[in-house]
Each structure stands twice: as structure tokens, then as C-alpha cells.
Amino acid sequence: MEPMNKKNPKIDVVILAAGMGTRMKSALPKVLHPLLGKPMVEYIFDAVRDICAEPPLVVVGNKAELVQETLGEKARYVLQEPQLGTAHAVMQAREVLRGRSDIVLVANSDFPLITAETYQLLVETHQREGNKVTISTVIADQPRGFGRIVRDSDGKIMGIVEEKAATPDQLKIKELNSNPYCFNAEWLWDALDRVEKSAVGEYYLTDLIEIAAKERQAIGAIEITDHQESIGINNRIHLAEATKVIQQRINRKWMLEGVTMIDPDKVFIDDTVTLNRDTVLYPEVYLRGNSSVGEGCQLGPSVILENTIVGDRCKLLFAMLESAKLENDVDMGPFGHLRRGAHLDDHVHMGNFGEIKNSYLAPGVKMGHFSYIGDAHIGRNVNIGAGTITCNFDGEGKYQTEIGENAFIGSDTMLVAPVKIGKNAKTGAGAVVTHDVPDNSVVVGVPAKQLISKRKEEQDGKTK
Ligand code: UD1
Ligand code: CA
């Protein structure tokens, strides 16, 4: 019954993610609450990923489909239904892992700050000391509802007592059960059957420690000395505390890479985002998803990027950018909105109160004030006058607008798509353009008509 291969033991990881998370008071399962864009359980998943050869096994129960959908195919799953406690959760993993693993690491899914190094240290300690069980402890004045580590007078671990079951003396113990745990697999699978139902009707994983102690099995412990790591999340206050720590970890990393933050407390960067040196972030900057920012940019105050690529030396002020792309030296704002598919090439200037969707603006385009550009292709150095609108939607379909290079679009022009404005063409202020405009021509009025100069009329011998 002991296939333990000492030299090259097979390690499996079980992540417990079936709990209700009642104290979150949420329709969303606790483990899916995001911290800077990343769901809680993903932090645990990413930190344990390199420990095991096979994908971690996630125990799901409460809103199981939603958890599975979020983690997707990178994990394995087993269902715990109903949820009768942490030992009962590990029991569900037994069916899948029995006879296949030598060591099982069990991790709670509500500790997003525990690092890969700590999980690694636990496994190494477990193997080096040849333990049947190795636990992770933290010494703290604030017990936060954690189980207390009970030791005998020689300092030997005798068990973990849950807060609900602890005596007044045990409640004073400052050595607490943080998690994760490492178990000798075969011992674990057998011992789980010896866990008895607690007074509240749950099977506690932590009871295994007393079971091991009574059998005089080797029990070890690592101490997590960085208290931030052992912030477990049971309610939204803990969620905010942990988010703050993650925010600091990310911001410090980027400051050390040469990014200036005027007030790092007010800068929120997902860990999927990349930045480059000499970029300055003012307060109220949110960089989310697959966004990246080049060198020497100035972002903020008040800028939100979602899945947006920003090149070098761009300046953004009070702006919201979603699934957009900026090349280099673009300046934008105050008060601009780029939506999906907006692509601004080098040196585009977009002043106040503009909106661009699904459009390409070639190098040097200027759009100073109050314009909407949707489904358009705009050539080099075009000037878009104040209040210009591409009327891209007729109530049924969406249509394209094309503007040739060096065109000059007068203030308050309505470009009724589909429509093409030729190179070097001009539209008069207030023009409503319903037909294509040839290169080098001028249109004015409602609906817009071509202006033909006297000289040109004589040359051509005709009028339109
Ligand atoms: C648990 C520990 C406690 C420890 C604390 C912090 C037990 C009995 N107690 O308490 O000693 O100090 O974590 O590490 O383990 N879960 C399931 N199925 C269930 C119940 C829970 O998958 O039936 C999952 C939860 O989703 C969660 C984890 O197990 O990720 C821990 O459950 P939770 O209810 O948060 O345990 P605590 O009361 O915090
Ligand atoms: Ca917990």
C-alpha cells in the first residue's frame, strides 16, 4: 500500500473550491471574485501550477459550472455535492488520485497571496523531513477565525483545533493554521475515513492532524513569516485588504522597471498588463486585461485602458479606451472615448470630447473637438472640424466612411455613410454629405453640393 517513490515522487495538487463563501454575501462564488481583474482561484492555480506534472485537481461544488468555465481546460475537476466540509472535499479527490500520487498538496482557494515559493517550500520540507503530514502556520495576534495549532510541552504538534471547538485556553494560541497542507497520499486516503463528523455536521480536514499525532506519525510545519501571504478571504473586508497587497506588489514591480507613479495608491494595474520605462502614471489610472503601454507615455489623471495597446510617447488625459490601439506620439483628451477597433496611427491628435469606434486614423490626423467617428478609414493629415459626425447607422445597417488624405472636414459636417471624401477635398461648415465627394473638390450645404469655381466652370464648359 506504499508505492512511495522516494527519489521522484509524484505530486498532485488539490484545490478546494466548493465552499459556499457565505460570508461574502454574494451571488458570485467567493473563489471567482476578482482581485485586479483576476479571479481569486486563479491566483492559487498559478502559484501551484509548477509543483505538479499533471494539472491541479479543483474540487468544485457551489456554482460548479461557473468555476469550471472560468478556469477552463487547464485544470481537472471533481464535484463535491453536497459540501460537507474540507475533509469531505478532499475525499472526492480520492477517487481520481488514489494509487496515482505519492504526495498530495491541498490548498484552500481563498488565499490568493500565498506565493509559489511558499507552496514549493512546503513540498520540499515535507519531502526532506519524510513527514506523513506537513502543515503551514502563521503566528499572529489577530486569529481571524483560523484553526489553532495545539502542541504538547515538547513542542510536538498534537492537532489543529477549529475556533468553534476551541477551549478558552486554546483560543489564546497565537500559532494558527494558514494552509496549505502536504500529505503522504496513501496515508491520507486511509485516514480520511477516520475523520468524524464535527458538532456542526462538517468533516474537518484539520482533524487529520490529531489523527496523525495519535498514530505517532511524523508531522512537520513551515511557518509563513510574511503575514500578508496568510490573508485569507472570508468577507469583503479581507477582499479589499488582499487587493491592496496585490496592487502594491504589481506597482512596486513596475516602479522598479522605471515607471513613475505620482500616487501608487491610486493606480490599478492588472497583472496581465505590461509597461515600459519613463512612462508616468497620474492618479486614477486603471490598466486592465491585455493592455500594454510603451515608453515615455503620460497617462492620467483618470485614464482607463481595457485590452488596449499604447505605443511610445502617447499622452492621455481623462480618457477611456477599450480594445483600441495607439501607435506612437498620439495625444488624446481631455475626455475622449475609444471603443473596439479604434486604431490611431502616429501623431494623431484627438482633443476634447471625441469618440472613435472601429476606425483607422492615419498619421497626423487632427480631430480637435466634439466628434464621432465610427466605421471609418481616414487618410493622412486629415483635419476633422469640430462636431463632425459619421452617420454610420441608418436604423438598420452600419456603413463605412472613407476620407482621403489631406481632406479638410468643416465644422459640424455630417458624413452620411456609405460615403467617400476624396483626397484634398473640403466640406463646408454644417454640410450634410450624402454622396461621394471627388478629390480636390469642395462641397457645401444641406444636402451638400459641389462648389465649382468660375475658372473651373470656364475650363470645363459645364456645371454640375
Ligand atoms: C479553514 C480551516 C482552518 C484554517 C482556515 C484558513 C478547516 C476545517 N478549517 O477554515 O483551520 O485556519 O481554513 O486556512 O479546514 N471548501 C470546500 N468544500 C467544503 C468546505 C470548504 O471545497 O465543503 C473549501 C472552500 O471553498 C475554501 C476552503 O475549502 O476554499 C476552506 O473552507 P472555509 O470554509 O473557508 O474554511 P475556514 O472556515 O476558513
Ligand atoms: Ca477560509
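Of note:
Conditions (1) assigned to a loop (DSSP other than H, G, I, E, B); (2) modelled with pLDDT of 95 or more; (3) farther than 19 Å from Ile373 by Cβ, marked per residue:
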| position | (1), (2), (3) |
| --- | --- |
| Glu405 | yes, yes, no |
| Asp412 | yes, yes, no |
| Leu415 | no, yes, no |
| Lys420 | no, yes, no |
| Asn424 | yes, yes, yes |
| Ala429 | yes, yes, no |
| Asn440 | yes, yes, yes |
| Val443 | no, yes, no |
| Val446 | yes, yes, yes |
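- Condition met for Leu188 (within 13 Å of ligand 1 (Cβ to nearest atom) and either touching a residue at least 24 places away in the same chain (Cβ under 8 Å) or not aromatic (Phe, Trp, Tyr) (or both)): no
- Matching residues, segment 97-115, being more than 16 Å from ligand 2 (Cβ to nearest atom) and either more than 18 Å from Cys182 (Cβ to Cβ) or buried (at least 18 other Cβ atoms within 10 Å of the Cβ) (or both): Leu97, Gly99, Ser101, Asp102, Ile103, Val104, Leu105
- Take the conditions (1) in contact (Cβ under 8 Å) with a residue 24 or more places away in the chain; (2) part of a strand (DSSP E or B); (3) of a type in the set (A, V, I, L, M); Ala386 misses just one of them, which is (2).
- In segment 116-142, residue farthest from ligand 2 (Cβ to nearest atom) [restricted to those that are farther than 18 Å from Asp226 by Cβ and outside any helix (DSSP H, G or I)]: Gly130
- Filter result for Ala27 (away from ligand 2 (no atom under 16 Å from the Cβ), buried (at least 18 other Cβ atoms within 10 Å of the Cβ) and closer than 29 Å to Ser198 by Cα): no
Here's the yes/no breakdown for (1) more than 16 Å from ligand 2 (Cβ to nearest atom); (2) closer than 19 Å to Leu188 by Cα:
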position: Ala47; (1), (2): yes, no
position: Arg76; (1), (2): yes, no
position: Glu81; (1), (2): yes, no
position: Val90; (1), (2): no, yes
position: Ala93; (1), (2): yes, yes
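- Restricting segment 7-22 to residues that are modelled with pLDDT under 95 and within 18 Å of Gly85 (Cβ to Cβ), the residue that is nearest to the chain's Cα centre (by Cα): Gly21
- Neighbours by Cβ (under 6 Å, 6+ apart or cross-chain): first from segment 76-101, of a type in the set (S, T, N, Q); second in a helix (DSSP H, G or I): Gln80/Ala89; Gln80/Gln92; Ser101/Ala185
- Candidates Leu176, Leu113, filtered to the one that is away from ligand 1 (no atom under 11 Å from the Cβ) and not in a helix (DSSP H, G or I): Leu113
- Checking each residue in segment 199-231 for being within 16 Å of ligand 2 (Cβ to nearest atom), in contact with a Gly (Cβ under 9 Å, 6 or more places away or on another chain) and at pLDDT 95 or above picks out Glu202, Tyr203, Tyr204, Leu205, Thr206.
- Tally, over segment 198-241, of residues that are in a loop (DSSP other than H, G, I, E, B) and either away from ligand 1 (no atom under 14 Å from the Cβ) or more than 21 Å from the chain's Cα centre (by Cα) (or both): 15
- Contact map, segment 221-240: first residue farther than 21 Å from Thr134 by Cβ, second residue away from ligand 2 (no atom under 16 Å from the Cβ), Cβ cut-off under 7 Å, separation 6 or more or different chains; pairs are Gln228/Val245; Ile231/Val245.
- From the list Glu69, Glu54, Glu73, the one residue that fits, being part of a loop (DSSP other than H, G, I, E, B), away from ligand 1 (no atom under 15 Å from the Cβ) and either surrounded by fewer than 16 Cβ atoms within 10 Å (Cβ to Cβ) or without any contact (Cβ under 8 Å) to a residue 24 or more places away in the chain (or both), is Glu54.
- Of all residues in segment 76-110, exactly one satisfies the criterion of being in contact with a Lys or Arg (Cβ under 7 Å, 6 or more places away or on another chain), more than 13 Å from ligand 1 (Cβ to nearest atom) and among the acidic types (Asp, Glu), namely Asp102.
- Selection from segment 162-192 of residues that are closer than 26 Å to Val13 by Cα and either away from ligand 2 (no atom under 16 Å from the Cβ) or more than 36 Å from the chain's Cα centre (by Cα) (or both): Glu175, Cys182, Phe183, Asn184, Ala185, Glu186, Trp187, Leu188, Trp189, Asp190, Ala191, Leu192
- Residues of segment 178-221 that are surrounded by fewer than 24 Cβ atoms within 10 Å (Cβ to Cβ), touching a Lys or Arg at 6+ places or on another chain (Cβ under 7 Å) and not aliphatic (A, V, I, L, M): Trp187, Trp189, Tyr203, Gln217.
The values are calculated or read from the model by the stated rules, or taken from the named source; none is laboratory data. The model shown is predicted, which means the values in this text are computed figures rather than measured ones. As a convention, Cβ positions derive from the backbone with ideal geometry for all residues, glycine included, and neighbour counts pool all protein chains shown.
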